[in-house]
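Q: I am attaching a structure below and will ask some questions about it afterwards.
The values are calculated or read from the model by the stated rules, or taken from the named source; none is laboratory data. Since this is a predicted model, take the numbers as computed values, not measurements. Glycine also receives a Cβ, built like all others from the backbone with ideal geometry; neighbour counts cover every protein chain displayed. Surface accessibility is based on the protein's heavy atoms, side chains included, excluding ligands, DNA and RNA. Shrake-Rupley method; radii C 1.70, N 1.55, O 1.52, S 1.80 Å.
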Amino acid sequence: MIKQIEFKPRGDERGSLIALEVNQEIPFSIQRIYYIYGTKPDVSRGFHAHKNLQQVIFAASGACDLLLDDGVTKQTIRLDSPEKGILINGVVWREMHNFTPDCVLMVLASDVYDESDYLRDYDEFLNWIK
Ligand code: T46
């Protein structure tokens, strides 16, 4: 499942603040947070799916394109706002392209890092979802 989540900014005259809480904006228990930044121009990342991991992804700063492919349908979502998150819950191939130099891509994950949860070969991904 792929779902767009709108985060509610709690702004005042000083600026904005967004709070993300488990069982509110985030539908799983967060076990890990990582962020991707300083991506070089014309570099793409990702090119894998996860067997079990759930993630919420958003651009805290800057922008990038997130390509999501469930094996049937491909969609590209421009992540360009700290108020817009994408929930990925299921075996979905993902690629990230067209990073702006200031992009900070935040990822909230339902589990700790486990390389055996990755499907890094596209044919293996297609076989897995069959
Ligand atoms: C994803 C997309 C959105 C760790 O040691 N711990 C970690 O928690 C992570 C995420 C990565 N690593 C190591 C593994 C590699 O040696 O950091 C290196 C770069 O990871 P990777 O090439 O997988 O990075 P991306 O940007 O291609 O993909 C990442 C996540 O791995 C992935 O889960 O969904 O961001």
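Q: If amide H atoms are built 1.01 Å from N in the plane of the peptide, which residues on other chains or at least 5 residues away come under 5 Å of the amide H of I18?
A: Amide H neighbours of I18, under 5 Å, 5+ apart: R10.
Q: Please list, in order along the stretch 83-92, the HN-Hα scalar couplings obtained from phi with the Karplus expression 6.51 cos²θ - 1.76 cosθ + 1.60 (θ = phi - 60°), rounded to whole Hz, x for Gly and Pro.
A: The phi angles translate into 9, 10, x, 10, 8, 10, 10, x, 8, 10 Hz.
Q: Moving on. Using the per-residue mean of other Cβ atoms lying within 10 Å as a proxy for protection, in what order, highest first, do the peptides 104-116, 77-89 fall?
A: Put in order of decreasing packing, that is 77-89, 104-116.
Q: Mind jotting down the distance between the C-alpha centroids of the stretch 84-130 and the stretch 1-46, whole Å?
A: Distance between centres, Cα-based: 14 Å.
Q: List the pairs from K8/K51; K84/K130; K3/K40; K8/K40; K3/K51 whose alpha-carbon separation is above 26 Å, in the order I gave them.
A: K8/K51; K84/K130; K3/K40; K8/K40
Q: Round to the nearest 0.05 the FRET efficiency obtained for E21 and F47 when R0 = 22 Å and r is the Cβ-Cβ distance.
A: Efficiency, rounded to the nearest 0.05: 0.10.
Q: Could I ask something else about it? Check each of the chymotrypsin sites (Phe, Trp or Tyr not before Pro) in the stretch 1-75 and keep only those in coil by DSSP with at most 15 other C-beta atoms within 10 angstrom; list them in order.
A: none
Q: Hey, any idea what % of the stretch 1-120's accessible area is carbon plus sulfur with a 1.4 Å probe?
A: 48 percent
Q: Roughly how many Å² is the accessible area per residue of the chain, as a whole number, for a 1.4 Å probe?
A: Per residue, the chain has 58 Å² of solvent-accessible surface.
Q: Amide H of Q31: which non-local residues (sequence gap of 5 or more, or other chain) have their own amide H closer than 5 Å, using H built in the peptide plane?
A: A109, S110, D111
Q: Show me the three semi-axes of the equivalent ellipsoid for the chain, from the C-alpha gyration tensor (sqrt of 5 times each eigenvalue), largest first, rounded to whole Å. Can you show the working numbers first?
A: Numbers: eigenvalues 126, 62, 33 Å².
Three semi-axes, in Å: 25, 18, 13.
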